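Take a look at the structure below.
The values are calculated or read from the model by the stated rules, or taken from the named source; none is laboratory data. None of these values were measured; they are calculated from a predicted model. Cβ: placed from backbone, ideal geometry, glycine included. Neighbour counts: every protein chain shown. Heavy atoms of the whole protein, side chains included, go into the accessibility calculation; ligands, DNA and RNA do not. Shrake-Rupley method; radii C 1.70, N 1.55, O 1.52, S 1.80 Å.
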Amino acid sequence: MDKKKKVLISFDTVRPGFEELVEWADMTRRPEGESFTREEMMEIGAQYDALATQFTFPVDRELIDAFPNIKLIANYGVGYNNIDVAYAHSKGITVTNTPRAVIQPTAELTMGLLLSCSRKIAMWDRHMRRTKSSSKSLSDSSGMATNLCGKTIGIIGYGNIGRAVGHMAQAFGMTVLYNKRHQLDAATEQELGVTYADLDKIFTECDVVSLHTPYNEDSHHLVSASRLAQMKRSAILINAARGAVVDEAALVHALQTGEIAAAGLDVFEHSDNPLPELYEMEQVTMTPHVGTQTYEARVAMAQELCNCIIGYFEGDRPISIVK
Ligand SMILES: NC(=O)c1ccc[n+]([C@@H]2O[C@H](COP(=O)([O-])OP(=O)(O)OC[C@H]3O[C@@H](n4cnc5c(N)ncnc54)[C@H](O)[C@@H]3O)[C@@H](O)[C@H]2O)c1
Ligand SMILES: O=C(O)[C@H](O)[C@H](O)COP(=O)(O)O
């Protein structure tokens, strides 16, 4: 029998979901609650056939070179901007990701951020804790929220997650405009009940703009100072994609000057360091990149990751390969 493939699971996550891989591979991982450091990975990399990694680990040239025998980099997550894919491909290494498991949880978090902004849920929560009171004024306009029903959402990046968000927004009575690289055919648009719009139309006409593009050269600072200036003063911006899709300094300015009304952010331009002004703004709801942080999603992502690893080496099932 062939020797088992050696697989390094570099990050920490739930244990359920890895059962098949535990049987199939010679798998290395740290005890629950611990990850490998970059330095440790560089030191032990040469013995592995596959590296499983995750968003917070930059898989750059130097790290890839420290794994001279790997055939596969399997990302735990759909977004792979942490990986130098072109360099991996140049070395004949395949890259995979986990697109399916992340769709629903990320769309649900997006709607949570949107509801928090439109109904000021986080603001009221902070207010009640601060004042130890549930009193409010029925006429104070600063406390007034806004309905979602009857409003228009513009979804930029209408892929798997964007579509799920659109579907949920429709259930709230919203009209959906979308933008993506290639417009859908008319029959699909009709079936989904959505309308294509260019970015000018989305930024000028929508009550909510929700971002769901991957992060790449094209989407860097897609939401710039000039785009923010196009938005309605009552508009809400939601970002559960990648932080640098938004020019964060420009966003702070737009919120400070009332150019837009509110923002719901799961991701930040400098990952773990949101600009300090954001912490002071009542009209901002923030979460620390938790779009996929549900138990069900973590287990399903683990299963999808393991399928990719086993499927790549066995060739016995479909896997999601990053092109
Ligand atoms: N916050 C989180 O925890 C979390 C979770 C999952 C995914 N994400 C992010 O969300 C992104 C989208 O995920 P997905 O599964 O929907 O991907 P997807 O590939 O299914 O969809 C991406 C869509 O964006 C479009 N697109 C690409 N570049 C664009 C551009 N410059 N302008 C307009 N449209 C563009 C594509 O045409 C495609 O329709 C991921 O790449 C990841 O970065 C974040
Ligand atoms: O792209 C994705 O799928 C998510 O952003 C990814 O799952 C986030 O990974 P985390 O750091 O939350 O594990």
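Considering (1) closer than 30 Å to S90 by Cβ; (2) within 16 Å of ligand 2 (Cβ to nearest atom), the lone condition that G315 does not fulfil carries the number (2). Only one of the numbered conditions (1) without any contact (Cβ under 8 Å) to a residue 12 or more places away in the chain; (2) open to solvent by less than 20 Å² (accessible area, probe 1.4 Å) is violated by Y279, and that is (2).
If you take the residues in region 247-284 that are hydroxyl-bearing (S, T, Y) and at pLDDT 95 or above, which one is nearest to Y215 (Cα to Cα)?
Across region 247-284, the extreme among qualifying residues is Y279.
Within region 93-104, the set of residues being within 10 Å of ligand 2 (Cβ to nearest atom) and in contact with a Lys or Arg (Cβ under 9 Å, 6 or more places away or on another chain) comprises A101, I103.
Between T28, T56, T13, the distinction of being open to solvent by 60 Å² or more (accessible area, probe 1.4 Å) and within 16 Å of Y76 (Cβ to Cβ) belongs to T56 only. N81 meets the conditions (1) surrounded by fewer than 23 Cβ atoms within 10 Å (Cβ to Cβ); (2) away from ligand 1 (no atom under 11 Å from the Cβ); (3) of a type outside the set (V, I, T) in every case but one. The failed one is (2). Scanning region 116-159 for residues that are crowded, with 17+ Cβ neighbours inside 10 Å and in a helix (DSSP H, G or I) yields S116, C117, S118, A122, M123. Quick one: is A300 of a type in the set (A, V, I, L, M, F, W, C) and away from ligand 1 (no atom under 15 Å from the Cβ)? Here the answer is no, as A300 does not meet what is asked. The set of residues from region 291-301 being within 11 Å of ligand 2 (Cβ to nearest atom) and open to solvent by less than 30 Å² (accessible area, probe 1.4 Å) comprises G291, T292, A297, M301. Condition check for Y215 on (1) among the hydroxyl-bearing types (S, T, Y); (2) farther than 24 Å from I83 by Cβ; (3) not in a strand (DSSP E or B): one failure, at (2).
When only residues in region 31-44 that are assigned to a loop (DSSP other than H, G, I, E, B) and on the phi < 0 side of the Ramachandran plot count, which is least open to solvent (accessible area, probe 1.4 Å)? The qualifying residue least open to solvent (accessible area, probe 1.4 Å) is F36.
When you look at I44, is it within 27 Å of the chain's Cα centre (by Cα) and more than 16 Å from ligand 1 (Cβ to nearest atom), yes or no? No, not satisfied. For region 168-175, the condition holds for at least one residue, the condition being that it is in a loop (DSSP other than H, G, I, E, B), surrounded by 11 or more Cβ atoms within 10 Å (Cβ to Cβ) and at negative phi.
Taken together, the criteria exclude V95 from residues that are open to solvent by 10 Å² or more (accessible area, probe 1.4 Å), farther than 18 Å from A297 by Cβ, within 16 Å of ligand 1 (Cβ to nearest atom) and not assigned by the TED database to the domain that holds L211.
From the list A254, A241, A263, the lone residue that is in a helix (DSSP H, G or I) and either away from ligand 2 (no atom under 13 Å from the Cβ) or within 25 Å of A101 (Cα to Cα) (or both) is A254.
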